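The values are calculated or read from the model by the stated rules, or taken from the named source; none is laboratory data. Please read these numbers as outputs of a predicted model, since none were measured by experiment. As a convention, Cβ positions derive from the backbone with ideal geometry for all residues, glycine included, and neighbour counts pool all protein chains shown. Areas reflect the complete protein model, heavy atoms only, side chains present, ligands, DNA and RNA absent. Shrake-Rupley method; radii C 1.70, N 1.55, O 1.52, S 1.80 Å.
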Amino acid sequence: MHPDSSVVYVLNRSKDRAVPEAWMGDAAVKVLPLHDLSRCAGVQRGSMYVVSDAAAPLSVRCPGFPVDRGTLACIPLSSGECVGSVHLGWKEPE
């Protein structure tokens, strides 16, 4: 995989915020309130979720990695419970 941008979020010790620990490219990087990370489709499902074309009218939007076009993969990180997530983005769809 060679994404154009990515970010890795890890929950802080009190588990009230998701902190960006690593990123690359032009990813929008900020500390997220916990409720934003819990609305990520990958975190909700507990498995990888791929949006093949973010520009499609009914595509799922991820608050942890907002994109208007291209492809997005949301991958939860867990160790018995969710501890963070990895988001990968490509500028071109599919």
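Taking the conditions exactly as written (surrounded by 14 or more Cβ atoms within 10 Å (Cβ to Cβ), modelled with pLDDT of 90 or more, part of a strand (DSSP E or B) and small (Gly, Ala, Ser)), does Ala73 satisfy them or not?
Considered against the rule, which asks whether it is surrounded by 14 or more Cβ atoms within 10 Å (Cβ to Cβ), modelled with pLDDT of 90 or more, part of a strand (DSSP E or B) and small (Gly, Ala, Ser), Ala73 comes out as yes.
In this structure, is Gly64 in contact with a helix residue (DSSP H, G or I) (Cβ under 8 Å, 6 or more places away or on another chain), among the small types (Gly, Ala, Ser), modelled with pLDDT under 95 and outside any strand (DSSP E or B)?
yes
Counting only residues that are closer than 16 Å to Ser78 by Cα, under 11 Å from the mean Cα position of the chain (by Cα) and among the polar types (S, T, N, Q), how many does segment 4-52 have?
Adding up the residues that qualify gives 1.
Hey, among the residues in segment 38-59 that are farther than 22 Å from Val10 by Cα and aliphatic (A, V, I, L, M), which one's modelled with the lowest pLDDT?
Ranking the qualifying residues of segment 38-59, first place goes to Leu58.
Among Asp53, Asp26, which is the only one that is open to solvent by 60 Å² or more (accessible area, probe 1.4 Å) and either part of a loop (DSSP other than H, G, I, E, B) or touching a Cys at 6+ places or on another chain (Cβ under 7 Å) (or both)?
Step by step, each of Asp53, Asp26 is checked, and only Asp26 is open to solvent by 60 Å² or more (accessible area, probe 1.4 Å) and either part of a loop (DSSP other than H, G, I, E, B) or touching a Cys at 6+ places or on another chain (Cβ under 7 Å) (or both).
Taking Met48 as meeting all but one of (1) open to solvent by less than 60 Å² (accessible area, probe 1.4 Å); (2) within 18 Å of Glu94 (Cβ to Cβ); (3) of a type outside the set (Ser, Thr, Tyr); (4) touching a helix residue (DSSP H, G or I) at 6+ places or on another chain (Cβ under 7 Å), write down the number of the exception.
So the condition that Met48 fails would be (1).
Limited to segment 62-92, what total is found for residues that are in contact with a strand residue (DSSP E or B) (Cβ under 8 Å, 6 or more places away or on another chain) and without any contact (Cβ under 8 Å) to a residue 24 or more places away in the chain?
Of the residues in that region, 4 qualify.
Which condition breaks for Ser59 when tested against (1) assigned to a loop (DSSP other than H, G, I, E, B); (2) among the hydroxyl-bearing types (Ser, Thr, Tyr); (3) touching a residue at least 12 places away in the same chain (Cβ under 8 Å)?
That leaves (3) as the condition not met.
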